[in-house]
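All remarks here apply to the structure that follows.
The values are calculated or read from the model by the stated rules, or taken from the named source; none is laboratory data. These numbers were taken from a predicted model, which means no experiment stands behind them. Here the Cβ positions follow ideal geometry from the backbone for every residue, glycine too, while neighbour counts run over all protein chains shown.
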Amino acid sequence: MGFLDIDNATKSYGAVEVLHKVDISVEEGEFLVLVGPSGCGKSTLLNMIAGLEEITSGEIRIKDAVMNGVHPSKRNIAMVFQSYALYPNMSVGQNITFGLEMHGTPKDDREKALADVSKLLQIEQLLDRKPGQLSGGQRQRVAMGRALVRNPDVFLFDEPLSNLDAKLRVDMRTEIKKLHQKLGTTIVYVTHDQIEALTLSTRIAVMNGGYVQQLGTPKEIYDNPANLFVATFMGSPSMNLLDVKVRANGNAIFADTTNGAGEKVSLTFTNPSETLKSYDGTTITLGIRPEAITDPEGADHRSTHVEKVENTVTVTEPAGSDTFVTTTFGGKDCIARMRADTEAKAGQRVPFAINMEKAVAFDPKSEARIG
Amino acid sequence: MAVASSDTAIRTGRVTRTFLYLVLLLFALFYMLPLYVMLVNSVKPLSEITGGGMMSLPQTWTVEPWTKAWNTAQIGVESTGLAPYFWNSIKMVVPAVAISTILGALNGYVLTKWRFKYDTILFGLMLFACFIPFQMVLIPMATVLGKLGLAGTTTGLVLVHVVYGIGFSTLYFRNYYAAFPTELVRAAQIDGAGFFQIFWRILLPSSGPITVVCVIWQFTNIWNDFLFGASFAAGNAQPMTVALNNLVQSSTGVKEYNVHFAGAILAALPTLLVYIVAGRYFVRGLMAGSVKG
Ligand SMILES: Nc1ncnc2c1ncn2[C@@H]1O[C@H](COP(=O)(O)OP(=O)(O)OP(=O)(O)O)[C@@H](O)[C@H]1O
Ligand SMILES: [Mg+2]
């Protein structure tokens, strides 16, 4: 039993099922991020937790109390909307205390709560303004203030940063994280931005097409994706996917492919599983993240298994802190993340260091991880 | 919408511009002519009109036609002037406008923010009410008013106008609220506001422009209505429009055109006033849905 339990929750609009048996248990103080492409059902799930959408089947519980059919205002949750949803006719102060007023909190207590929250969010000087007179970042703060002031059990955020410009988005992201660390509240946060998901969360639920594809810590999701969807959705640039042929030789298992010059390349799997052995002779998808392919000097020294392969560079893209170098394996583009001052030039043949500890294998048909 | 520069995309020459203004002025004068005729003739003695000076300014100015129209003119069989009928109209138009606007706002709120099954069909049916010709409902309406015991009363007229007005007021508010962010309603729900609190505290304060549009529309329509007034209001409950007709149609004695003109202006005054006071908001409100910010 967690703090917030989503138990086999399903959502249908008419005959169309848009969420299929979602099962997530959130502990107190956790920061759960729901991430996935547009239309995958993130907002729908969040709205079901909030009570703004009915639950078609299954159960949602907060602190072990069943929430199905309970009015949003009686769930002790607070929500921050993508558009902030500040009441345009009320001042910032009234916006923040409206919920308390509706819940019958006496005026003195409201004033005190308002003072506390506006101090915490540094919006004291804005309290008399109307939302229309605020910048995007300030509106964002006010929206958070409105959520914080009620001291709810669970905070729900629906893409709260997507209306901000890039710089402000990074600042507010840090601020939300700080706030969570300071207050230790339970948060469910929706985003389609995988960086936001990785930086903020204590756990991530990656969703696609109404299914939770994988639920785990950011590290689990990033290093051990359960399937091709999760592997490619998380990470930027996304994971390289190479078609390789599995070849078993005694206890060692090799992934055979070719480099840009058409020469044979054999990579050895680290700690291959029995299941992988059964793929002997077939073609599978090998996933390697760009940062696991580097120049030999930049290779991870703690890794026990780095393979060196020579290959031809097709494109280099300096990105300030790193240089992304594109090459080909088995005819497919493969991006390596090299040091900023690498000397690799397009057309040259250079050594690549592949950290095989980080390589993951997928069944090309089922797209599931070969474990 | 503010344009920083007064430069137009295509430079209009001075000559064309002068010509344009002249034409516009001409049209304006043409449209103002009836008002001019009414005004000048309402302040001259009858003899000057019958003498053939319709267009000329009065030689002797007098307010007598106005006081007569208001206080003593013969309306039908009684010489009460228009005054009591003016108050009849006020007693009819104020509640009718208020009730139809409030109901329209509530309908718009429910139809956009509390969607239910078949709500679009219901809205379609209400819209239909806007297009039913008045003549068609006269007899059924008379029967209903009779059954309710409201035949011939001002209350009955209020009911008729409210029923007819709801279609339009619902249309206005529904379209306005359709553009109102639903997230605000959801936020208020989470904040614990109930059905009427959300309406009262969140939606209504932002409904100024559309309320003005709705009020002006209803006011002019109801004030100017003749058919319902003539059909459903008995003798001393008749509205201004019917009384004006009776004044003009009175067969006894000579036709006092100056009194008629004064009476007609009196009948048109309230709507004119509403336009002057709220006209700016009318245009703004009509644009509200289409242009944002
Ligand atoms: N009222 C509705 N009627 C029918 N289908 C709906 C309704 N609301 C949402 N859907 C469908 O449910 C699915 C999930 O929608 P949802 O809004 O949860 O997506 P999302 O993951 O939040 O996407 P985004 O990132 O674009 O916000 C979509 O396929 C959408 O078309
Ligand atoms: Mg969404």
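Structure summary
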quantity: Residue match in the range A:132-145 (condition: of a type in the set (Lys, Arg), buried (at least 20 other Cβ atoms within 10 Å of the Cβ) and more than 16 Å from ligand 1 (Cβ to nearest atom)); calculated: yes
quantity: Inter-residue pairs, beta-carbon under 6 Å, first not assigned by TED's automatic domain parsing to the domain that holds residue A:155 and in the range A:20-40, second more than 16 Å from ligand 2 (Cβ to nearest atom) and assigned to a strand (DSSP E or B), 6+ apart; calculated: none
quantity: Per-region count, the range A:1-27, residues near ligand 1 (Cβ under 10 Å from one of its atoms) and among the charged types (D, E, K, R); calculated: 2
quantity: Among residues of the range A:37-53, those that are within 13 Å of ligand 2 (Cβ to nearest atom), within 14 Å of another protein chain (Cβ to nearest Cβ) and either at positive phi or not polar (S, T, N, Q) (or both), counted; calculated: 5
quantity: Total residues in the range B:32-71, condition modelled with pLDDT of 80 or more, hydroxyl-bearing (Ser, Thr, Tyr) and under 28 Å from residue B:85 (Cβ atoms); calculated: 4
quantity: Residue within the range A:156-166 that is of a type outside the set (S, T, N, Q), surrounded by fewer than 18 Cβ atoms within 10 Å (Cβ to Cβ), closer than 27 Å to residue B:193 by Cα and out of contact with any Cys (no Cβ under 6 Å at 6 or more places or on another chain) present; calculated: no
quantity: Residues satisfying the stated conditions in the range A:65-87, i.e. within 16 Å of ligand 2 (Cβ to nearest atom) and part of a loop (DSSP other than H, G, I, E, B); calculated: A:81, A:82, A:83, A:84, A:85
quantity: Meets criteria (in contact with a Cys (Cβ under 9 Å, 6 or more places away or on another chain) and either among the hydrophobic types (A, V, I, L, M, F, W, C) or modelled with pLDDT under 90 (or both)) for residue A:293; calculated: yes
quantity: Selection from the range A:54-72 of residues that are facing chain B (nearest Cβ under 10 Å) and either touching a helix residue (DSSP H, G or I) at 6+ places or on another chain (Cβ under 6 Å) or among the basic types (Lys, Arg) (or both); calculated: A:72
quantity: Test: residue in the range A:58-72 that is farther than 22 Å from residue A:177 by Cβ, within 14 Å of ligand 1 (Cβ to nearest atom) and within 24 Å of the chain's Cα centre (by Cα); calculated: no
quantity: Where a residue in the range B:172-195 is more than 7 Å from every other protein chain (Cβ to nearest Cβ) and touching a residue at least 60 places away in the same chain (Cβ under 8 Å) and its partner, wherever it lies, is assigned to a helix (DSSP H, G or I) and charged (D, E, K, R), with Cβ under 6 Å and at least six apart; calculated: B:185/B:113
quantity: Test: residue in the range A:103-113 that is over 24 Å from the mean Cα position of the chain (by Cα), more than 16 Å from ligand 2 (Cβ to nearest atom), in contact (Cβ under 8 Å) with a residue 24 or more places away in the chain and more than 10 Å from every other protein chain (Cβ to nearest Cβ); calculated: yes
quantity: Candidate set: the range A:4-19, residues that are surrounded by 16 or more Cβ atoms within 10 Å (Cβ to Cβ) and within 16 Å of ligand 2 (Cβ to nearest atom); chosen: the one farthest from the chain's Cα centre (by Cα); calculated: A:11
quantity: Matching helices (runs of 4 or more DSSP H) fully within the range A:162-231 where at least 1 residues are touching a residue at least 12 places away in the same chain (Cβ under 8 Å) and within 11 Å of the chain's Cα centre (by Cα); calculated: A:194-200, A:218-223
quantity: Elements of type helices (runs of 4 or more DSSP H) in the range B:106-192, at least 1 residues being under 27 Å from residue B:224 (Cβ atoms); calculated: B:119-131, B:134-148, B:154-178
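Per-residue answers, yes or no, for (1) buried (at least 16 other Cβ atoms within 10 Å of the Cβ); (2) aromatic (Phe, Trp, Tyr); (3) not assigned by TED's automatic domain parsing to the domain that holds residue A:289:
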{"residue": "A:316", "(1), (2), (3)": "yes, no, no"}
{"residue": "A:323", "(1), (2), (3)": "yes, no, no"}
{"residue": "A:329", "(1), (2), (3)": "yes, yes, no"}
{"residue": "A:333", "(1), (2), (3)": "no, no, no"}
{"residue": "A:345", "(1), (2), (3)": "no, no, no"}
{"residue": "A:348", "(1), (2), (3)": "no, no, no"}
{"residue": "A:355", "(1), (2), (3)": "yes, no, no"}
{"residue": "A:368", "(1), (2), (3)": "no, no, yes"}
